[in-house]
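The values are calculated or read from the model by the stated rules, or taken from the named source; none is laboratory data. Remember, it's a predicted structure, so these values are computed and weren't measured experimentally. All Cβ positions, even for glycine, are placed from backbone atoms using ideal geometry, and neighbour counts span all protein chains on display.
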Amino acid sequence: MKVLVIGSGGRCHAIVEALSRSPKASKIYAAPGNAGIASLAECVAIKDTDVEALVEFAKNNGVELTVVGPEASLAAGVVDRFREEGLKIFGPTKAAAEIEASKDFAKRLMVKYDVPTAAYATFSDFDEALAYVKKGSLPTVLKYDGLAAGKGVVIATTMEEAESTLRDMLLDTRFGKGSVVIEEFLTGEEFSLMCFVAGNKIYAMPVAQDHKRAYDNDEGPNTGGMGAYTELPFITKEDHDYAMANIMQRVADAMVAEGTPFTGVLYGGLMKTPQGIKVIEFNARFGDPETEVVLPRLKSDAVDVFMAVANNEAPEAEWSEEATLGIVLASKGYPGDYAKGFAIKGCERVESKVYHMGTALKDGELVTAGGRVMIVVASAPTLREAQMKAREDIAKIECSNLFHRTDIGNKAFK
Ligand code: AMP
Ligand code: GLY
C-alpha cells in the first residue's frame, strides 16, 4: 500500500517511522518531510496547506491512505477535500477540527456537555475584557482565540500584564483580528491523553507528559515542547477511567450529536487539579512531542491502525510495556530569534531513536534549520533507565548552537 504523510516535523518523522515498520506500507511519501524523514520516505516538495496539490499528488500516485500531522492542514480543509475525491485519509474534517482551532468552540462544547474545564468568558471588546479581568483574581489566563502555535496563551500575574496582553490581542491585532477567552487559573500536574476517535468509538494511547517551558524547572517562555515521556506514576487507573468516561468519550459523543463527528486523534491536554481532572485544551491531531514518545511503543501494524480509523472503525492496538523518554535539542535563542545552518555531528553514534524536527542537508552535511532541531527518544523497562539512556545519547550529538532541558521526566520521580 502506498501511504502519504502530511507534515515535516518530529511528529511526522515518528508517524513515518511507525508506518515504515509495517510490511503493508510498500511506499511512503512525506509532504514536505525533512532531512531525517528522507531516510525512510520519499519527500515531495508540497506545502502541508496546499490542499489541491496534495489531492492531485495522491490521485496521480495511487496513494491509498493519507495521514495528516499538522493542524494547519486540517484547518485548510485537507480531510474534506480528500473525502470529496473518495480518497482515504486519517484526520478530522475542518468542522471537527474547530475543537482545536477555536478555543471558544471548545469551551462552549464543554459547558454544553458538562465536560470539566476551567470557568471562562469570551470577549472581542477590549473595555469589556478589561472590566472582567479587574473583577476577577490573579493570575488570570488569557487565550487568543485562533491558531497561534502555542504562543497565544498568556498567564498574567499582574494587572499591568493582563492589560497590555489584552491590548495586544484585541486592539493591536498583532495576532490578527479575533477574540480572547479569559479563564480561571488552575493548578496541578498536566498530562496528555491522546485517543484514536472514530465517531463515538474511542481508543486510548499511552498517556504522556509534555514539557512546554524552554528551561529547566519549567522556567522561561512557552515553546512547542522541549521533551516528553510515557508512564506517568501520578495518573492512576481511576484517573484514567474518569478522564476517558467524563472527558474523551463525552466529547466524542458530543461531536456526533453536534453533527460534526470526529475522526482521527483527539488530544486531551488535561490537568489533575485538587478539584479533579479538568481540560486545559483539546487538539485535533497527534501532539508534538508526545507522538515521538508514544508511537515507538506501538507494536501493532500502523497501517492497520490508521486505516481502521480512516474507515470509521475503532482500531485495535498493542503497546510495548517499556517507558519512553524524549529530549529535544533546540537552537540557542528558541523560542525567540535563532540562527540556522550549524553543523550537527555524531547522530550515527546514538542508539536511541532520533526524530528530526528542523534539520536540513547542506552540501551533504546535516545542519540546523529550525527552532526545535531534533528529539532523542530512549526506550527502557523503567523510566529511570530511559532517562539515563536519553541523556547518554544526547551527549553524543555535537553542535555548537543547540541547548536542551536536563530535567525531562523528573516530575515522575517526585
Ligand atoms: P494551551 O495552549 O491552552 O494548552 O495553554 C498553554 C499552557 O498554558 C498549558 O499547557 C498550561 O500550562 C497553561 N494553561 C492554559 N490554561 C490554563 C489554566 N486555565 N490554568 C493554568 N494554566 C493554564
Ligand atoms: N504538545 C502540545 C501540542 O501538541 O500542542
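Considered as a group, the residues in region 49-69 that are surrounded by 22 or more Cβ atoms within 10 Å (Cβ to Cβ) and touching a Gly at 6+ places or on another chain (Cβ under 7 Å) include one that is farthest from Ile89 (Cα to Cα), and that residue is Gly69.
The single condition among (1) within 21 Å of Ile202 (Cα to Cα); (2) crowded, with 18+ Cβ neighbours inside 10 Å that Val78 does not meet is (1). Would a scan of region 384-399 turn up a residue that is surrounded by 17 or more Cβ atoms within 10 Å (Cβ to Cβ) and touching a helix residue (DSSP H, G or I) at 6+ places or on another chain (Cβ under 7 Å)? Checked against the condition, which is being surrounded by 17 or more Cβ atoms within 10 Å (Cβ to Cβ) and touching a helix residue (DSSP H, G or I) at 6+ places or on another chain (Cβ under 7 Å), region 384-399 yields at least one hit. Please specify each residue of region 84-114 satisfying the condition of being surrounded by fewer than 19 Cβ atoms within 10 Å (Cβ to Cβ) and under 19 Å from Ala30 (Cα atoms). Correct list: Lys88 only. Residues in region 92-110 that are out of contact with any helix residue (DSSP H, G or I) (no Cβ under 8 Å at 6 or more places or on another chain) and within 14 Å of ligand 1 (Cβ to nearest atom) were compared, and the one that is modelled with the highest pLDDT is Lys107.
Residue-by-condition table, conditions (1) over 22 Å from the mean Cα position of the chain (by Cα); (2) part of a strand (DSSP E or B); (3) within 24 Å of Val294 (Cβ to Cβ):
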residue	(1), (2), (3)
Tyr355	no, yes, yes
Gly370	no, no, yes
Ser379	no, yes, yes
Glu392	yes, no, yes
Arg405	no, no, yes
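In this structure, is Leu138 among the hydrophobic types (A, V, I, L, M, F, W, C), closer than 17 Å to Glu183 by Cβ and away from ligand 1 (no atom under 15 Å from the Cβ)? Spelling it out, it is not the case that Leu138 is among the hydrophobic types (A, V, I, L, M, F, W, C), closer than 17 Å to Glu183 by Cβ and away from ligand 1 (no atom under 15 Å from the Cβ).
Would you be able to tell me the number of residues in region 252-278 that are within 12 Å of ligand 1 (Cβ to nearest atom), aliphatic (A, V, I, L, M) and surrounded by fewer than 24 Cβ atoms within 10 Å (Cβ to Cβ)? Result for region 252-278: 1. For Gly264, the requirement of being among the small types (Gly, Ala, Ser) and closer than 23 Å to Arg11 by Cα is met.
Please specify each residue of region 279-309 satisfying the condition of being more than 16 Å from ligand 1 (Cβ to nearest atom) and among the aliphatic types (A, V, I, L, M). Within region 279-309, Val293, Val294, Leu295, Leu298, Ala302, Val303, Val305, Met307, Ala308, Val309 qualify.
Each row is one residue, and each column tells you yes or no for (1) in a helix (DSSP H, G or I); (2) touching a Pro at 6+ places or on another chain (Cβ under 7 Å); (3) without any contact (Cβ under 8 Å) to a residue 40 or more places away in the chain.
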{"site": "Thr187", "(1), (2), (3)": "no, no, no"}
{"site": "Met194", "(1), (2), (3)": "no, no, no"}
{"site": "Tyr203", "(1), (2), (3)": "no, yes, no"}
{"site": "Gln209", "(1), (2), (3)": "no, no, no"}
{"site": "Gly220", "(1), (2), (3)": "no, no, yes"}
{"site": "Gly224", "(1), (2), (3)": "no, no, no"}
{"site": "Ala228", "(1), (2), (3)": "no, yes, no"}
{"site": "Leu232", "(1), (2), (3)": "no, no, no"}
{"site": "Tyr242", "(1), (2), (3)": "yes, no, yes"}
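Report, ordered by the first and then the second residue, all pairs with beta carbons closer than 6 Å, sequence separation of six or more or different chains, a first member in region 120-140 that is closer than 20 Å to Asp172 by Cβ, and a second member that is loosely packed, with under 15 Cβ neighbours inside 10 Å and not basic (Lys, Arg). Filtered contacts from region 120-140: Phe126/Leu171.
Restricting the first member to region 349-361 and to residues that are closer than 10 Å to Asn34 by Cα, and the second to residues that are of a type in the set (Ser, Thr, Tyr) and modelled with pLDDT under 95, no beta-carbon pair is closer than 7 Å while six or more apart or on different chains. Would you please name the residue that is farthest from Val328 (Cα to Cα), looking only at residues in region 212-226 that are under 12 Å from the mean Cα position of the chain (by Cα) and of a type in the set (Gly, Ala, Ser)? Restricting to residues being under 12 Å from the mean Cα position of the chain (by Cα) and of a type in the set (Gly, Ala, Ser), the top hit is Gly224. Examine region 310-324 for a residue that is under 17 Å from Met374 (Cα atoms), assigned to a strand (DSSP E or B) and within 16 Å of ligand 1 (Cβ to nearest atom), and state whether such a residue exists. No - not one qualifying residue is present in region 310-324. Has region 85-102 got at least one residue that is within 26 Å of Glu183 (Cα to Cα) and free of Cβ contacts under 8 Å to residues at least 24 places away in the same chain? Scanning region 85-102, I find at least one residue that is within 26 Å of Glu183 (Cα to Cα) and free of Cβ contacts under 8 Å to residues at least 24 places away in the same chain, so the answer is yes. The set of residues from region 320-330 being in contact with a Ser or Thr (Cβ under 8 Å, 6 or more places away or on another chain) and surrounded by fewer than 23 Cβ atoms within 10 Å (Cβ to Cβ) comprises Ser320, Glu322. Of the helices (runs of 4 or more DSSP H) entirely within region 89-157, those holding at least 2 residues that are closer than 29 Å to Gln249 by Cβ occupy 98-101, 103-112.
Only a single item in (1) touching a strand residue (DSSP E or B) at 6+ places or on another chain (Cβ under 7 Å); (2) modelled with pLDDT under 95 is not met by Glu316, and it is number (1).
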